[in-house]
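The values are calculated or read from the model by the stated rules, or taken from the named source; none is laboratory data. From a predicted model like this one, the values you see are computed outputs, not experimental measurements. Cβ sites come from the backbone with ideal geometry, for glycine too, and all protein chains shown count toward neighbours. All accessible areas refer to the heavy atoms of the entire protein, side chains included, with ligands and DNA or RNA removed. Shrake-Rupley method; radii C 1.70, N 1.55, O 1.52, S 1.80 Å.
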Amino acid sequence: MIIECKDITKAFGTNQVLKGLSFSASEKEVLGIVGASGAGKTTLLQILGTILVPDSGTVLIDGVDVFSLDRKNLSSFRNQKIGFVFQFHHLLPEFTAVENVMLPALIGRYEGASSERLTDRQIRQKAEELLEELGLKGKEDSRPSELSGGEQQRVAIARAMINSPKIIFADEPSGNLDSHTKQELHSLFFKMRDTHGQTFVIVTHDESLAKRCDRCLTLKDGVFV
C-alpha cells in the first residue's frame, strides 16, 4: 500500500472533525473521497499531504511514518513524494506557465531534497514536456492571466507532477470549471495515472468524477461509511 492511515483523529476546539479514521490506498489507484460539506474531507487531505498534523494516529506514505520526521526532512519528503492540485490553482501571476511548473523542482534542488541534480535547462525541458503532454504546447510563456480556467488547472497539474511524486492529492480540482472542461480535466487524471503511475486521491463533489474513480469512499461525521 502506498498510503496507510490508522486511527486518525483531529479536532478544532470542541469540534471533533475526524474520529479515529483508518484506510489505505494502493499504488496507481485513483481514489475518490466524497461527503457533505463539513464532513472532514479537506482536513483529511491536508493531513495526508502532511500540511496539517493529526491529534493522534499514524500516517504511512510509501512506508514512511511521515509525522515522525523532523521539519526539514518532512519538507523534503513532501516536495519529492507528494503533489497537490487545488480547486483554486494558486499559480503565481508574475511567472509564466513553464516557470510555475518549474518551481517545485527548483525548490527541491535548493533544499537538497532531490536525488536528481538537474540543471535549470533540464528542469525547464521536463516542465515543457509535461505542458505539451497536457495539451499546452505553445502556452509555455503565457502568464496565468492569459490562460483560461481549464488551462490554468492543467498548469497546476503539471506543477504537481514535475518532481515525479508517488501521490497526487487533489481537492475539488474541477470545482470552478464548466461541464465540458471538467470532463476533459477528469480524463487527464486517468491518462496521467496510466502514463506516469501515480496514485491519485481526489476529494470531489462531482458525481461523474466519483463514478470514474477506481474506488470511492464516503466520509460522514468524521468516519468512512
Exercise. Here are some residues: ALA11, ALA105. Which one is of a type in the set (Gly, Ala, Ser), open to solvent by less than 60 Å² (accessible area, probe 1.4 Å) and under 18 Å from ILE162 (Cα atoms)?
Worked result: ALA105
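For every residue, the table says whether it meets (1) touching a residue at least 24 places away in the same chain (Cβ under 8 Å); (2) of a type in the set (Ser, Thr, Tyr); (3) in contact with a Ser or Thr (Cβ under 9 Å, 6 or more places away or on another chain).
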site: THR43; (1), (2), (3): yes, yes, no
site: LEU52; (1), (2), (3): yes, no, yes
site: VAL59; (1), (2), (3): yes, no, yes
site: ASP62; (1), (2), (3): yes, no, no
site: PHE67; (1), (2), (3): no, no, yes
site: PHE86; (1), (2), (3): yes, no, no
site: PRO93; (1), (2), (3): yes, no, yes
Seminar exercise, completed: Restricted to the range 151-181 and to residues being surrounded by fewer than 20 Cβ atoms within 10 Å (Cβ to Cβ) and more than 18 Å from ALA127 (Cα to Cα), the residue modelled with the highest pLDDT is GLU172
Problem set entry | The listed residue being open to solvent by less than 20 Å² (accessible area, probe 1.4 Å) and of a type in the set (A, V, I, L, M), out of VAL64, VAL53, VAL98 | VAL98
Problem set entry | Selection status of THR218, at pLDDT 90 or above and touching a Gly at 6+ places or on another chain (Cβ under 9 Å) | yes
Exercise. For the range 149-184, which residues satisfy the criterion of being of a type in the set (S, T, N, Q) and out of contact with any helix residue (DSSP H, G or I) (no Cβ under 8 Å at 6 or more places or on another chain)?
Worked result: SER179
Seminar exercise, completed: Considering residues that are under 23 Å from GLN183 (Cα atoms), free of Cβ contacts under 8 Å to residues at least 40 places away in the same chain and surrounded by 20 or more Cβ atoms within 10 Å (Cβ to Cβ), the number found within the range 125-141 is 3
For this session: Return yes or no: is PRO93 closer than 30 Å to HIS186 by Cβ, surrounded by fewer than 18 Cβ atoms within 10 Å (Cβ to Cβ) and not hydrophobic (A, V, I, L, M, F, W, C)?
Result: yes
For this session: Determine, yes or no, whether ILE82 is in contact with a Phe, Trp or Tyr (Cβ under 9 Å, 6 or more places away or on another chain) and open to solvent by 60 Å² or more (accessible area, probe 1.4 Å).
Result: no
Exercise. With SER164, SER145, SER76, SER56 as the choices, which residue is polar (S, T, N, Q) and within 23 Å of MET192 (Cα to Cα)?
Worked result: SER164
Seminar exercise, completed: Here the residues within the range 24-40 that are modelled with pLDDT of 90 or more and open to solvent by less than 60 Å² (accessible area, probe 1.4 Å) are SER24, ALA25, SER26, GLU29, VAL30, LEU31, GLY32, ILE33, VAL34
For this session: For ILE51, indicate whether it is among the β-branched types (Val, Ile, Thr) and closer than 25 Å to ARG71 by Cα.
Result: yes
For this session: Could you please tell me which pairs satisfy a Cβ distance under 6 Å, a separation of 6+ or placement on different chains, a first residue in the range 197-224 that is surrounded by fewer than 21 Cβ atoms within 10 Å (Cβ to Cβ), and a second residue that is modelled with pLDDT under 95 and in a helix (DSSP H, G or I)?
Result: CYS216/ALA210
